[in-house]
Structure formats: C-alpha cells, structure tokens
Amino acid sequence: MAKIIENLKQIQIKIKQAQERSNAQQQVHIIAVTKEVDVARTNEAIEASLLHLGENRPEGLLTKTEAIEQPVNWHYIGSLQTRKVKQVINKIDYLHSLDRFSLAEEIEKRAEHVVKCFVQVNVSGEESKHGLTAEETIPFLRSLSEMTKLEVVGLMTMAPHSDDEQLIRSVFRNLKKLQQEVVALKLPYAPCTELSMGMSNDYEIAVEEGATFVRIGTALVG
Ligand SMILES: *Cc1c(COP(=O)(O)O)cnc(C)c1O
C-alpha cells in the first residue's frame, strides 16, 4: 500500500491541473472515504492532514468515531435507513444522502445539532442509484421549510460507472445547473453552495465541472 501522503500529493496536483484546465477557482475539499480500511489506516489519513472522512455504513462510522478522538469532520455518504438515523446523526457533521421527506423528519426528531445535508440527486436516472430525479429536487427542497435541524449545503450525485467521459461530464454539469437553480431560490435553509461529486475514477472531471467536495477512497487510502 502506498503512503497516503504520497497519494494525496498526486491527487492535489491533479485537482490543481483540473482547475487550471477549466479556469475554476472553487475551493475543493477532499473527503477521504475510509469505508474499506481499518482504524490504523484511517489514522494515517488524519496524520496526512485529511480532516474530512467519509463512511457509508453505521457500523463503520461508529467503529471509527469511537476509536478516533481527533476533531475531524465526519461525512455519512451512504444511503441511510430511517431506523438507523438515531445511531448516526449525532456523530456526523455532513450527510450526503438526503433523498426523502421521511428521512428529513426523522433527522428533525433526532438531531441535537444542525446537520449539514446534501440532497442526493440521481441525475443519470439509473435505476440502481438512490436519489431524487432532477425534477423532484426543487419541490423536495421546498417541502423542508419547517425543518430546524437541517441545512441543505449542497447537492450530491454519483456518475455512472462508464468509460464514456462525455456521459460522466454531462451528469456533473447537470448537477451544477440544478444547484444554481436552487441557489437562485434563496431559501434560507438551503444555501446550496456546495457540490459533492467525483470519486477515485472521475474526480478530475468533477472538479472541472465545479465540484467542491470530492469523495475519494481507493485512490487515496485503498
Ligand atoms: C465508496 C464511495 C466513494 C469512494 O469510492 P472510490 O471509487 O473508492 O473513490 C464515494 N462516494 C460514495 C457514495 C461511496 O459509496
């Protein structure tokens, strides 16, 4: 296994190059997705000054948050069952998978702090993927107006597994378009300034298209 610090350097260079290609200057936060690695490797990521960590299962999140005392930002990136909300919601800083009203209601009931949420959008319309359709997204956001424990900081998507760069790019581009529509609504509880998109295989395209949070597992800690 390569040293995380070396992987990180390469990724940072590629992010910078992607921004130069697209003339973009957004701040890009790297989330180290630690779902496939143990606590020791997660600690190595923290030592490499990665302070945004991502998990996609309650068990993994709880194991890591119990073992790790440093103040890091925990991101929950997997789909979250309503009945699991109470186990995880007060351990995390960001939820990337808000995709239904019943989940929002349960968060409202259980959260002891304001949770920064990304609404997950299934831009590509693949049946296997979670998330709202683009058309459902704005009505869903409007339905959250009474919630006091959720702040919608952005939108999240996953691109299809594909070698078709244009297809991947169009998914990211459409998410950005939708995000700008949401920003224009000026909903006080949904500033929606962030875009969570890009993984090990497609983060450079995502950054070119405006990602502000990339979620990287294999290429960074794997
Ligand atoms: C696993 C996972 C990632 C990271 O995937 P890699 O290909 O290992 O970088 C990113 N986002 C989500 C939602 C994931 O489940």
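The values are calculated or read from the model by the stated rules, or taken from the named source; none is laboratory data. Since the model is a prediction, treat every value here as computed from it, not as a measurement. Cβ atoms come from the backbone with ideal geometry, glycine included; neighbour counts cover every protein chain shown. We work out accessible area using only protein heavy atoms, side chains counted, and drop any ligands, DNA or RNA first. Shrake-Rupley method; radii C 1.70, N 1.55, O 1.52, S 1.80 Å.
Data table
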{"read-out": "Student exercise, segment 14-95 dipole from Lys, Arg, Asp, Glu Cβ charges, in Debye to nearest 20", "value": "360"}
{"read-out": "Separation of the Glu69 and Ile13 label points, Cα + 7 Å toward Cβ, nm", "value": "3.7"}
{"read-out": "Farthest positive-ward along the chain dipole, Cα basis, beta-carbon charges - from His52, Pro71, His29", "value": "Pro71"}
{"read-out": "Relative contact order (%) - segment 2-216, alpha-carbon pairs under 8 angstrom, separation at least six", "value": "20"}
{"read-out": "Rounded if a/c under 1.5, otherwise prolate or oblate - segment 165-206, Cα gyration tensor axes", "value": "oblate"}
{"read-out": "P(r) tail fraction, segment 107-186 - alpha-carbon pairs more than 18 Å apart, %", "value": "46"}
{"read-out": "Net charge, Thr82 excluded, C-beta distance under 13 Å - Lys, Arg +1, Asp, Glu -1", "value": "+2"}
{"read-out": "1.4 Å probe accessible area per residue over the chain, in Å²", "value": "49"}
{"read-out": "Unit charges on C-beta of K, R, D, E only; dipole of the chain, Debye", "value": "300"}
{"read-out": "Accessible surface of segment 2-216, 1.4 Å probe, proportion on carbon and sulfur as whole %", "value": "46"}
{"read-out": "Dipole magnitude (debye, nearest 20) for segment 142-181, charges at Cβ of Lys, Arg, Asp, Glu", "value": "160"}
{"read-out": "Rg in Å to one decimal, and Dmax rounded to a whole Å, for the chain via C-alpha atoms", "value": "16.7, 48"}
{"read-out": "Taking the C-alpha atoms of segment 133-180, convex hull volume expressed per residue in Å³", "value": "80"}
{"read-out": "Surface/4 of the Cα convex hull for segment 150-222, nm²", "value": "5.1"}
